[in-house]
Amino acid sequence: MTSTDTSDTSVLDDPVGESLRGRHAPLGRTLGRAATYAPDIATFSAVPADPTAADWSDLARLLGPGAFADMFSCPAPPPTGWEPVFVLEGRQMVWPDGGRPDPEPAATGPDVTELGKADVPEMLDLVALTRPGPFWPRTRELGTYLGVREGGRLVAMAGERLRPAGWTEISAVCVVPELRGRGHAGRLIGALVTRVLARGERPFLHVAEANTKAIALYERLGFASRKEVTFRGYTTP
């Protein structure tokens, strides 16, 4: 398979591990078959689908004692001593092979602009207000992040996160509560989809199963559910 084989969905079964072993390797750390991001970029960690006790031990050594291990959608349970932190039911959605985005959402409303290092404080404030999911001071290094401003204020944002071969995850979709329903999220996602497709890749995303409004939006934009996933986090021994 080539890095642009957008028909290979198997890499989406372990998007964290595939990203850390590939394009995001410079942003993470590995020990044996265990891998994790730098802590100020992401808390996601990965072990193989068939982890051994040594793999879990290597991950614990990478993270340190009492650290948070966000195992994302890893189905393998850790050994005794790893304390559960959370369990969240969700789903993985993918852009159809050969699909093209509707140009209308990106054609109306305030300009969509690319966000950079200088925008990080505002990005963190927006995340704190809207809680779209994990976002840290260097998360923007995972890919391109786009925003919408009104009156100079950053009011909406979305960006690229995990990047397994041939794919790019769209994440951190958020809009200030008082401006929801104006199409900002759809325009940002449409702009990101266009960029991802232009690179010869396919977009995908993850969403909490309880977030029915977001699921409905993603379906309207063209995404389809691929599979159910369970997100889990643990504290290392």
(message) Condition check: open to solvent by 10 Å² or more (accessible area, probe 1.4 Å) and either at pLDDT 95 or above or hydroxyl-bearing (Ser, Thr, Tyr) (or both). Does ASP8 satisfy that?
(response) no
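Yes or no, residue by residue, for (1) modelled with pLDDT of 95 or more; (2) under 17 Å from the mean Cα position of the chain (by Cα); (3) farther than 24 Å from THR36 by Cα:
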{"residue": "LEU188", "(1), (2), (3)": "yes, yes, yes"}
{"residue": "ILE215", "(1), (2), (3)": "yes, yes, yes"}
{"residue": "GLY222", "(1), (2), (3)": "yes, no, yes"}
{"residue": "PHE231", "(1), (2), (3)": "yes, yes, no"}
{"residue": "THR236", "(1), (2), (3)": "yes, no, no"}
(request) May I ask you to verify whether THR130 is of a type in the set (Ser, Thr, Tyr), surrounded by 17 or more Cβ atoms within 10 Å (Cβ to Cβ) and closer than 21 Å to PRO177 by Cα? (result) yes
(request) Tell me which of these VAL47 doesn't satisfy, since it passes every other one: (1) surrounded by fewer than 22 Cβ atoms within 10 Å (Cβ to Cβ); (2) within 19 Å of PHE68 (Cα to Cα); (3) β-branched (Val, Ile, Thr). (result) (1)
(request) Would you check which residues across the range 60-75 are under 24 Å from LYS227 (Cβ atoms) and either charged (D, E, K, R) or surrounded by 15 or more Cβ atoms within 10 Å (Cβ to Cβ) (or both) and list them? (result) ALA69, ASP70, MET71, PHE72, SER73, CYS74
(request) Just one of (1) over 15 Å from the mean Cα position of the chain (by Cα); (2) closer than 19 Å to ARG163 by Cβ; (3) open to solvent by 20 Å² or more (accessible area, probe 1.4 Å) trips up LEU31, so point out which. (result) (2)
(message) Out of ASP119, ASP102, I need the residue that is at negative phi, acidic (Asp, Glu) and at pLDDT below 95. Which one?
(response) ASP102
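The values are calculated or read from the model by the stated rules, or taken from the named source; none is laboratory data. Small disclaimer: the values here were computed from a predicted structure and weren't measured. As a convention, Cβ positions derive from the backbone with ideal geometry for all residues, glycine included, and neighbour counts pool all protein chains shown. Areas reflect the complete protein model, heavy atoms only, side chains present, ligands, DNA and RNA absent. Shrake-Rupley method; radii C 1.70, N 1.55, O 1.52, S 1.80 Å.
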